[in-house]
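Trainee: Sharing a structure below in structure tokens format, with a few things to ask.
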Amino acid sequence: MEASTVNIRQQVESAAQNAWTAANSSQLGVNEQIKTQNAIDKLSQQMDTIVVAMGAMGKQVSAALNKQEEAIKKLKADTETLQETLQVVEERVSNIDIMDQDHQWEPEAESSRAQGIIPQDPHRDLHQGKYTPPRTPKPHRKEGGTKDEIPKGARAKKPEAFNGKRGQEAEIFLMKMEIYFNDYGTAFDNNRKMATFLTNMGEGEAAKWAKPLLRKILDEEPHEYLANWNALKNAFLLAFSDPMKKERAIQNIHKLQQTGSAQHYVTAFRTLMQELDWDEHAFIDVFKKGLKNNVQQELLKATITQDTSTFSLEKWMEVSIRIDDLLFTGRSLRDNGSSGNQDRKFQPKTTQAKVGIVPSEVIQKRREEGRCIKCGRRGHRMRECKFKEWQQEPQAIKGKEAKIEEVKEEEKSSDLESEN
């Protein structure tokens, strides 16, 4: 009986021990869950703090951008106001100088100041016998003056804002700005030139390019583009000039050929030269190759009769124009002489058209046959016709003579077109 009681007691104690152990394990699990929940809550609070901080930072950035835009607008307005003020001051100074010159008194010799002949000194009080010395005259400005003395009405106006287009328009805008600065002389120093130039950028790409540089000016921070006016010009051309301009100029100058007068060829050649920095001898070689064959032949003859090794490009251009003019004049005289003899020879059988009113049916016929409706000849249209008057249809001539006349008329028309 006692043994049974002991066993039961042991079993109860063992069960109690197991229950205690299980309870302790459950308590540990609950504690871990509490710790995890606390960590999650803490992390959530940190995330909320970060979100709030980011929102505040975004507002600060937005406010800074708004201030920057307002500062740029204010700088532009202040610059324009300053320029207008300078113009007014310069105009007033100019007017004062003119008034001083008009009222300056130049003393005359005492021997020549006789009453009734030479007017007396306007500064002398004749009634009281008092004499007030004249104001010391200001020295007259030299004629020709400096850039600051350009009359206000003759000065260049501020160019319109740059539209951001690349290539030739950018280069023209830069030239206009330089002319504008030069007309005002010392009124624009390096810093003022750069500020005025950057505030004259229009919308779009031009404004985007200028904005960071204006920010540097406002913050008085250095930048390689803002070192001086020349540095800013080079940066502007780097951003907006045509990067393939030089390559295209090289191709075009090699393709350039004289098709009209030598003067027109020289003008086109000079235009392409501006984009290249070749040696003068290279320009001379390319220039000669583009001339007409007959002009090149005459230039070759010139090298036999004189030493052309020292000729500059300008000299070759001058000689080429003279030769081309002489060749054209000689050709015109020859053609006029031959046409005059031809008229006398074939006068009994001439078929030249007469000047007069051309019937509408003749005009329609010429149009259908692809001829000029004004003169009746082929190879050109009315707007290209060299005749000043309307030409009637020539009377028909039979046989071989008609064909000869038609060929001669076509040759004459083609010669006129080729010469012009």
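The values are calculated or read from the model by the stated rules, or taken from the named source; none is laboratory data. The shown structure was predicted, so the numbers you read here are calculated from the model rather than taken from an experiment. Backbone-built Cβ (ideal geometry, glycine too); neighbour counts: all protein chains shown.
Trainee: Tell me yes or no: at least one residue of segment 202-220 is at pLDDT below 90, in a loop (DSSP other than H, G, I, E, B), farther than 16 Å from Leu174 by Cβ and in contact with a helix residue (DSSP H, G or I) (Cβ under 8 Å, 6 or more places away or on another chain).
Mentor: Within segment 202-220, not a single residue is at pLDDT below 90, in a loop (DSSP other than H, G, I, E, B), farther than 16 Å from Leu174 by Cβ and in contact with a helix residue (DSSP H, G or I) (Cβ under 8 Å, 6 or more places away or on another chain).
Trainee: If you check Leu232, Leu238, which single one turns out to be free of Cβ contacts under 8 Å to residues at least 12 places away in the same chain and among the hydrophobic types (A, V, I, L, M, F, W, C)?
Mentor: Answer to the selection: Leu238.
Trainee: From Lys345, Lys349, which residue is modelled with pLDDT under 90, farther than 30 Å from Leu256 by Cα and surrounded by 11 or more Cβ atoms within 10 Å (Cβ to Cβ)?
Mentor: Going through Lys345, Lys349 in turn, the sole match is Lys349.
Trainee: If you don't mind, another one. Determine whether Val88 is under 21 Å from Phe188 (Cα atoms), modelled with pLDDT of 50 or more and assigned to a helix (DSSP H, G or I).
Mentor: The answer is yes for Val88.
Trainee: Follow-up question, since we're still on this one. When segment 273-299 is examined, which residues are found to be part of a helix (DSSP H, G or I) and at pLDDT below 90?
Mentor: Met273
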